[in-house]
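Here's the structure, in structure tokens; my notes come after.
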Amino acid sequence: MPNSSPASFATRLNQAIADTGSVTCVGLDPRKASLPAPLRDNIQGDRPESWAAAYTQFCCEIIDVVKGIVPCVKPQAAFFEQLGPAGMVSLGEVIRYASAAGLVVITDGKRNDIGSTATAYADAYLGSPTHPGPWGSDSLTVSPYLGRDSIEPFVETCDARGGGIFVLVKTSNPGGGFLQDLKSGDQTIYQTVAGLVTELNTERLDADGYGPIGAVVGATYPAQLAELRQAMPHSILLVPGFGAQGGAADDVKPALDQNGRGAVVNSSRGIIFAHSRPEFAQKFGDANWHDAVRAATEEMNQQLRG
Ligand SMILES: O=C(O)c1cc(=O)[nH]c(=O)n1[C@@H]1O[C@H](COP(=O)(O)O)[C@@H](O)[C@H]1O
């Protein structure tokens with residue numbers, strides 16, 4: 001359940017960054033083949049319900065490890081959807097467990113649609129104490145592909161429920177530039193979307209000058225990250241691509257504001273499957289996968305503070 005505080009999403013997330021001294025976002029992207037052996041070997045038959053129960057246990061045990069040392073987690077809806085209805089039940093369980101643990105929850109669904117349908121997505125994924133919804137989260141990732149009127153319904157729900165969204169602006173994948181770097185007039189598409197994000201935030205600022213409309217900017221494009229930090233002064237940046245995709249600490253530092261806040265840097269595989277990373281496998285292995293998650297989280301916190 002999202003935080004019952006009346007504070008805005010941006011205020012809550014920046015406060016969580018200050019409280020934990022961390023800008024690490026732990027991505028909850030469970031994958032069957034990568035689960036630690038103690039969980040994988042306990043699956044009863046190859047039934048979706050068994051895998052869903054394992055995903056819930058895996059993610060909730062990760063939450064127990066990282067609560068208090070990171071501000072937020074980012075469950076990736078796709079991996080839960082792979083399991084069908086049981087996976088979607090698991091997603092709700094994980095979201096609620098993370099909220100109850102005091103973590104800010106960013107559900108990664110990259111949702112987008114025409115206005116009336118976008119409103120339904122916002123209702124399903126942006127929750128509040130009075131509107132918990134099936135997957136009520138503090139925030140949701142949103143694609144801008146269908147234009148301004150496909151984003152505004154999410155913003156309206158943020159206004160009503162104190163939630164936030166992260167709009168895809170410059171994504172971390174190699175092929176994102178195919179559209180995002182196209183010129184429209186004297187601006188690239190990603191600059192155009194950044195301008196829309198900034199415009200939508202202007203009337204919704206908190207005391208720190210941040211609004212509920214954040215932006216996704218990949219760690220794999222450090223030059224654009226520095227450019228977009230300046231172009232979107234009122235947005236908290238969600239920075240994926242650290243670790244497994246090659247993004248490094250020096251690449252992401254420009255995302256932070258002068259107070260060391262204003263951004264969270266995501267790592268999913270690099271943290272939740274740390275037990276299989278060469279540098280941790282020897283020391284921890286599958287049996288001590290929780291310790292590997294803690295070590296990887298503390299390592300990333302240190303790298304981003306340095
Ligand atoms: O919206 C996202 O979080 C996202 C945007 C983007 O440009 N790149 C990107 O990798 N992501 C997500 O961030 C996570 C990255 O996972 P790792 O590469 O394992 O850290 C996945 O859940 C991706 O879907």
- Item | Extreme residue, farthest from residue 226 (Cα to Cα), among residues of the stretch 143-184 that are within 17 Å of the chain's Cα centre (by Cα) and polar (S, T, N, Q) | 143
- Query: For the stretch 8-16, does any single residue satisfy the condition of being surrounded by fewer than 19 Cβ atoms within 10 Å (Cβ to Cβ) and under 14 Å from the mean Cα position of the chain (by Cα)?
  - Reply: no
- Could you please let me know if residue 122 is in contact with a Cys (Cβ under 9 Å, 6 or more places away or on another chain), closer than 20 Å to residue 235 by Cα and of a type outside the set (Phe, Trp, Tyr)? yes
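From the list 142, 94, which residue is among the β-branched types (Val, Ile, Thr), surrounded by 24 or more Cβ atoms within 10 Å (Cβ to Cβ) and in contact with a Cys (Cβ under 6 Å, 6 or more places away or on another chain)? Let's see the steps before the verdict.
Values: 142 fails: in contact with a Cys (Cβ under 6 Å, 6 or more places away or on another chain).
Being among the β-branched types (Val, Ile, Thr), surrounded by 24 or more Cβ atoms within 10 Å (Cβ to Cβ) and in contact with a Cys (Cβ under 6 Å, 6 or more places away or on another chain) holds for just one of 142, 94, which is 94.
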- Does the stretch 90-103 include one or more residues that are away from the ligand (no atom under 16 Å from the Cβ), farther than 27 Å from residue 304 by Cβ and in contact (Cβ under 8 Å) with a residue 40 or more places away in the chain? yes
- Hey, residue 171 open to solvent by less than 30 Å² (accessible area, probe 1.4 Å), at pLDDT 95 or above and more than 20 Å from residue 141 (Cα to Cα) or not: no
- Just a yes or no: is a residue in the stretch 158-167 of a type in the set (D, E, K, R) and either in a loop (DSSP other than H, G, I, E, B) or more than 14 Å from the ligand (Cβ to nearest atom) (or both)? yes
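Can you tell me which residue within the stretch 266-291, out of those that are within 12 Å of the ligand (Cβ to nearest atom), touching a Gly at 6+ places or on another chain (Cβ under 8 Å) and touching a residue at least 24 places away in the same chain (Cβ under 8 Å), is nearest to residue 23 (Cα to Cα)?
Going residue by residue through the stretch 266-291, those that are within 12 Å of the ligand (Cβ to nearest atom) are 266-274, 277.
Subset that is touching a Gly at 6+ places or on another chain (Cβ under 8 Å): 266-272, 277.
Filter once more, keeping what is touching a residue at least 24 places away in the same chain (Cβ under 8 Å): 266-272.
Values: 266: 9, 267: 11, 268: 14, 269: 17, 270: 15, 271: 14, 272: 16 Å.
So, considering only residues that are within 12 Å of the ligand (Cβ to nearest atom), touching a Gly at 6+ places or on another chain (Cβ under 8 Å) and touching a residue at least 24 places away in the same chain (Cβ under 8 Å), the one nearest to residue 23 (Cα to Cα) is 266.
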- Item | Given (1) modelled with pLDDT under 95; (2) within 21 Å of residue 270 (Cα to Cα), index of the condition residue 42 fails | (2)
- Message: Yes or no: the stretch 194-204 includes at least one residue that is among the hydroxyl-bearing types (Ser, Thr, Tyr), open to solvent by 50 Å² or more (accessible area, probe 1.4 Å), within 15 Å of the ligand (Cβ to nearest atom) and more than 20 Å from residue 239 (Cβ to Cβ).
- Response: no
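The values are calculated or read from the model by the stated rules, or taken from the named source; none is laboratory data. Given the structure is predicted, the values throughout are model-derived calculations rather than measurements. Every residue, glycine among them, receives a Cβ derived from its backbone with ideal geometry; neighbour counts consider all protein chains shown. When the accessible area is computed, the model is the full protein with side chains, heavy atoms only, and any ligands, DNA or RNA have been set aside. Shrake-Rupley method; radii C 1.70, N 1.55, O 1.52, S 1.80 Å.
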